[in-house]
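Below is one structure, written out as structure tokens; the observations come after it.
No lab work stands behind these numbers, since they all come straight from the coordinates. Model, not experiment: these values are computed from the prediction. As a convention, Cβ positions derive from the backbone with ideal geometry for all residues, glycine included, and neighbour counts pool all protein chains shown.
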Amino acid sequence: MSELYAKTGFQNGRTVLTGCAFTSPLKIAKPFYRDSGYTELMVMCASPGMLSGDRFDMAFDMGENTKTIISTQSCQKLYNTGEGAAAQSLKIEVGENASLFYCPYPAIPFAKNRFRASAEIALSRSSKLFFGDILSCGRHGMGERFAFSEYVSKTTVSIDGKPAFVDASRLIPSEAAVGGIGFFEGYTCQGLLYLYGYETVSLPKRANLEAAVSRSHKGQSVRILSNDADAVYRFAVELFWAGQASDT
């Protein structure tokens, strides 16, 4: 099991890393301070991917008035786990008047991979959140289209301790045609975005993807389908920065 913890605070007019701890293969690079006022924390992994029995437990505590981007180095490779599985747990707290962008590069499940993920996000009423989760069908170029064994993911968001948003996915290609209607709709990758604290969401038009936004009980969610996982990620990043401009 590998663990990672990071805490940010607002000091001397900018967001700084006030606490950090991790165990191999996870680590955090030296913070990047952007001109936009955001501080970027890049999560790095010395392993080429997740293997059977691997578990990543990550926790982030974003202090009040902070503006943080949590990024990753590259796509998350989920290797063949056989009869075993790999797992990831994510816990995030976003303080009052704090803003967080969390949208890792897409996950790529290899053939015969089993993966279970959970994300628990706790917001304050005055928080601002842009959360993304992007999944590829697998190594499509290697003939591994939906060749993984199981992909389970659950995301829960609470605001001031009260449930606000829940999304759960359980994809088992041997039991259902996950590439078809109700799932990937013939595309090779999909994305989920959840936004809280944004007044409006205007989706940029792209020829290589389909996207739709819907209002949740609290906040807004965006669903994306495409045959290009990188295009989905770049779409999310563009939407985030467009939201910053519109709210200033």
(request) Write down the radius of gyration of segment 2-60 and its Dmax, each obtained from C-alpha positions, in Å. (result) 13.3, 44
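Dividing the Cα radius of gyration by the Kirkwood radius, what Rg/Rh value follows for segment 16-144? List each step's numbers first, then the result.
Details: Rg = 15.8 Å, Rh = 15.8 Å.
Radius of gyration over Kirkwood radius for segment 16-144 works out to 1.00.
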(message) Defining a contact as two alpha carbons under 8 Å apart and six or more residues distant in sequence, what relative contact order in percent does segment 2-246 show?
(response) 13 percent
(message) Can you pull out the GluC sites (Glu not before Pro) in segment 114-204 whose DSSP state is coil and whose Cβ has at most 10 other Cβ atoms within 10 Å?
(response) GLU175, GLU199
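Please give the length that would be gained between PHE22 and LYS154 if that part of the chain were fully extended, namely 0.36 nm times their separation in residues minus their C-alpha to C-alpha distance (nm, one decimal). If you can, show how the numbers build up before the last one.
Values: separation 132, 0.36 × 132 = 47.52 nm, distance 2.36 nm.
Length gained between PHE22 and LYS154: 45.2 nm.
So for the chain, what percent of the C-alpha to C-alpha distances run longer than 30 Å? Could you put the intermediate results ahead of the total?
Details: 7369 of 30628 pairs.
That tail contains 24 percent of the Cα-Cα pairs.
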(message) How large are Rg and Dmax for segment 106-149 when calculated on the C-alpha trace, in angstrom?
(response) 15.1, 46
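Mind putting a number on the dipole of the chain about its Cα centre? Charges go on the C-beta only, +1 for Lys and Arg and -1 for Asp and Glu, and I need it in Debye to the nearest 20.
Numbers: 25 positive and 24 negative charges, 20 e Å.
Dipole size: approximately 100 debye.
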(request) Quickly rank 202-210, 74-82 as a protection proxy: mean count of other C-beta atoms within 10 Å, highest first. (result) 74-82, 202-210
(request) Pull up the cross-link candidates among the lysines for LYS218, meaning alpha carbon to alpha carbon under 16 Å and not fewer than 8 places away within one chain. (result) LYS128, LYS162
(request) Check the straight Cα-Cα distances from LYS112 and name the lysines below 23 Å, setting aside those fewer than 8 residues away within the same chain. (result) LYS77, LYS154
(message) Taking the beta-carbon count within 10 Å as an exposure proxy, list ILE172, ILE28, ILE181 from fewest neighbours to most.
(response) ILE181, ILE172, ILE28
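Defining a contact as two alpha carbons under 8 Å apart and six or more residues distant in sequence, what relative contact order in percent does segment 94-141 show? Kindly include the intermediate steps, with their values, before the conclusion.
On the way: 62 pairs, mean separation 28.6, N = 48.
About 60 percent, as a whole number.
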(request) Mind pulling the angle between the C-alpha long axis of helix 229-246 and the longest principal axis of the chain? Nearest 10 degrees, somewhere in 0 to 90. (result) 20 degrees
(request) Find the eigenvalues of the gyration tensor of the Cα atoms of segment 154-248, then list the square roots of 5 times those eigenvalues as equivalent ellipsoid semi-axes, largest first, in whole angstrom. (result) 24, 20, 9
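Just check segment 205-248 against the gyration tensor rule for me: Cα atoms, a ≥ b ≥ c as the square roots of the eigenvalues, rounded for a/c under 1.5, and otherwise prolate or oblate depending on whether a/b exceeds b/c. Please report the intermediate quantities before stating the final value.
Details: a/c = 2.51, a/b = 1.31, b/c = 1.92.
Oblate, because a/c is 1.5 or more while a/b does not exceed b/c.
Please compute the length gained on full extension between ASN12 and ASN227, using 0.36 nm multiplied by the number of residues separating them and subtracting their Cα-Cα distance. Intermediate values should be presented prior to the final figure.
Details: separation 215, 0.36 × 215 = 77.40 nm, distance 4.44 nm.
Computed gain between ASN12 and ASN227 is 73.0 nm.
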